[in-house]
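J.: One structure follows; several queries about it will come next.
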Amino acid sequence: MPDNRNRKQPIQVKFFVDEHELELIKTRMAEVGTENMSAYLRKMLFFI
């Protein structure tokens, strides 16, 4: 198990998506110009 004590966000959360949802996430990430999925998903979660 990795040592996450030095991370800014040490808790990992996982969820499942289907192929269509993943492509939609990737498309929207490209539209805003980001490659960091974790940061993008956090931003979408907290700024809706």
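J.: Please get the size of the charge dipole for the range 9-48, origin at its Cα centre, with Cβ charges of +1 on Lys and Arg and -1 on Asp and Glu, quoted in debye to the nearest 20.
T.: Working: 5 positive and 6 negative charges, 55 e Å.
Approximately 260 debye in magnitude.
J.: Note the angle between two axes, namely the Cα long axis of helix 19-32 and the longest principal axis of the Cα atoms of the chain, as a number of degrees from 0 to 90, rounded to the nearest 10.
T.: That helix lies at roughly 90 degrees to the long axis.
J.: To continue, here is another question. For every helix of n ≥ 4 consecutive DSSP H residues, a contribution of -39,500 (n - 2.57) applies; sum these over the chain, divide by its total residues, and give [θ] at 222 nm rounded to the nearest 500 deg cm²/dmol. Don't jump to the answer; show the numbers that get you there.
T.: On the way: 2 runs with 24 residues, N = 48.
-15500 deg cm²/dmol, from helical runs alone.
J.: On to the next question. Rg/Rh for the chain to two decimals, with Rh computed the Kirkwood way over all alpha-carbon pairs.
T.: 1.02
J.: For the chain, take the longest principal axis of its alpha carbons; what is the angle in degrees between that and the long axis of helix 37-46, to the nearest 10 within 0 to 90?
T.: Helix 37-46 and the main axis of the chain meet at about 80 degrees.
Where a number appears in this text, it was derived from the coordinates with a stated rule and is not lab data. Every value quoted in this text rests on a predicted model; they were computed, and no experiment measured them. Reconstructed Cβ throughout: ideal geometry from the backbone, glycine too, with neighbour counts over all protein chains shown.
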